[in-house]
Amino acid sequence: HHIVAVKNLRHVYPDGTTALRDVSFRIHHGESVAIIGANGAGKSTLLLHLNGYLVPTSGEIQIGDFPLTKGTLPQIRRTVGMVFQEPDDQLFMPTVYDDVAFGPLNLGLTGDDLDRCVIEALERVGARHLVEKAPYHLSGGEKRRVAIATVLSMSPDILVLDEPTNGLDPYSRRQLIALLKEFRHTRIFTSHDLDMVLDLCERTIVLKDGEVRADGPTLEIFQDE
Ligand code: ADP
Ligand code: ADP
């Protein structure tokens, strides 16, 4: 059964730029998929569609059992956890606790339940010790892990990460890859980090000029490219 289905997705920005021409693919529950391609190929635009930050010019997106529409948007946003390329876009509260608690609090969690949820999400990314810190003062690798925790605290079925190893030192990068390997979620990454893709993703989709140029087992794709 598919958890993500993208069908004939086309996106034209208001200035007339066609970022996605005709993109179709389906992703199975639990798959780990990389989306690669040159700058400007349409990767970020595609990710933004996966939880409804953009409205398709034409085409359809289905997440789980729901077609993505205005009406299903809240449900879709809970199903798809989006980790942005810049952790600073995701961390805006005075403490790490507040940032990780923000989503679950909005869903109505309070008191001990909220505390448990926050601590559990931080533990999963190895960042429990940062709970009282100000996100602003964290290192790049710490920020990245906390940004992932803010998404995990919502228990998403699908984790979407835009260039997760971008800007990390080699040690933080290795730590992050190890952590992402452990998740049982469906994972969708964009990345220029081909070693990470080889390590984490059994499947790779190559975008070129807004179209799917190749889609298959990562090893085969890398041999052909
Ligand atoms: P990638 O993530 O692969 O680098 P993008 O999805 O960011 O590709 O961009 C795809 C194309 O859409 C590029 O030509 C880019 O310049 C253009 N684009 C991206 N965002 C906008 C925007 N807000 N308005 C107009 N054009 C955009
Ligand atoms: P209908 O079945 O009548 O098309 P929908 O619920 O599918 O109704 O869509 C209602 C409106 O929501 C449409 O104007 C559509 O453009 C808009 N819409 C569709 N997808 C999104 C999205 N991802 N984010 C915001 N609005 C959307």
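The values are calculated or read from the model by the stated rules, or taken from the named source; none is laboratory data. No experiment lies behind these values; they were computed from the predicted model shown. Using ideal geometry, Cβ is built from the backbone for each residue, glycine included, and neighbour counts are taken over all protein chains shown.
From the list 107, 114, the one residue that fits, being away from ligand 1 (no atom under 14 Å from the Cβ), loosely packed, with under 15 Cβ neighbours inside 10 Å and of a type in the set (A, V, I, L, M), is 107.
State all residues of the stretch 86-120 that are under 10 Å from residue 147 (Cα atoms) and not in a helix (DSSP H, G or I); if no residue qualifies, say none.
At the first step, the residues of the stretch 86-120 found to be under 10 Å from residue 147 (Cα atoms) are 86-91, 96, 99-100.
Answer for the stretch 86-120, where residues must be under 10 Å from residue 147 (Cα atoms) and not in a helix (DSSP H, G or I): 86, 90, 91.
Across the stretch 32-61, what is the number of residues that are in contact with a Ser or Thr (Cβ under 6 Å, 6 or more places away or on another chain) and among the charged types (D, E, K, R)? Adding up the residues that qualify gives 1. Evaluate the following for residue 189: is it without any contact (Cβ under 8 Å) to a residue 40 or more places away in the chain and of a type in the set (Phe, Trp, Tyr)? Criteria not met by residue 189. Restricting the stretch 56-81 to residues that are hydroxyl-bearing (Ser, Thr, Tyr) and not in a loop (DSSP other than H, G, I, E, B), the residue that is surrounded by the fewest Cβ atoms within 10 Å (Cβ to Cβ) is 58. Candidates 224, 209: the one that is under 15 Å from residue 44 (Cα atoms) and surrounded by fewer than 19 Cβ atoms within 10 Å (Cβ to Cβ) is 209. Among the residues of the stretch 35-56, those that are over 19 Å from residue 192 (Cβ atoms), within 12 Å of ligand 1 (Cβ to nearest atom) and not hydrophobic (A, V, I, L, M, F, W, C) comprise 49, 53.
Would you call residue 130 closer than 22 Å to residue 186 by Cβ and either surrounded by 20 or more Cβ atoms within 10 Å (Cβ to Cβ) or at pLDDT 95 or above (or both)? No, not satisfied. The residues of the stretch 82-97 that are free of Cβ contacts under 8 Å to residues at least 40 places away in the same chain and either on the phi > 0 side of the Ramachandran plot or crowded, with 17+ Cβ neighbours inside 10 Å (or both) amount to a single one, 97.
Residues in the stretch 1-35 that are without any contact (Cβ under 8 Å) to a residue 40 or more places away in the chain and away from ligand 2 (no atom under 16 Å from the Cβ): 1, 15, 16, 17, 26.
When you scan the stretch 25-33, do you find a residue that is away from ligand 1 (no atom under 13 Å from the Cβ) and among the aromatic types (Phe, Trp, Tyr), even just one? Outline the logic, then answer.
First, the residues of the stretch 25-33 that are away from ligand 1 (no atom under 13 Å from the Cβ): 25-33.
Filter once more, so that each one left must be among the aromatic types (Phe, Trp, Tyr): 25.
The answer is yes; a qualifying residue exists.
Anything in the stretch 28-55 that is β-branched (Val, Ile, Thr), crowded, with 16+ Cβ neighbours inside 10 Å and farther than 15 Å from residue 2 by Cβ? List them, or say none. Hits for the stretch 28-55 are 35, 36, 45. In the stretch 6-24, which residues are under 21 Å from the mean Cα position of the chain (by Cα), surrounded by fewer than 20 Cβ atoms within 10 Å (Cβ to Cβ) and either within 14 Å of ligand 1 (Cβ to nearest atom) or at pLDDT below 95 (or both)? Matches in the stretch 6-24: 10 only.
Under 23 Å from residue 191 (Cα atoms) and within 13 Å of ligand 1 (Cβ to nearest atom), is that true of residue 77? Before you say what the answer is, go through the steps one by one.
Values: under 23 Å from residue 191 (Cα atoms): yes; within 13 Å of ligand 1 (Cβ to nearest atom): no.
Here the answer is no, as residue 77 does not meet what is asked.
Which one of these is touching a strand residue (DSSP E or B) at 6+ places or on another chain (Cβ under 6 Å), of a type outside the set (Asp, Glu) and modelled with pLDDT under 95: 3, 76, 36, 61?
Details: 3 fails: modelled with pLDDT under 95; 36 fails: modelled with pLDDT under 95; 61 fails: modelled with pLDDT under 95.
That would be 76, the only listed residue that is touching a strand residue (DSSP E or B) at 6+ places or on another chain (Cβ under 6 Å), of a type outside the set (Asp, Glu) and modelled with pLDDT under 95.
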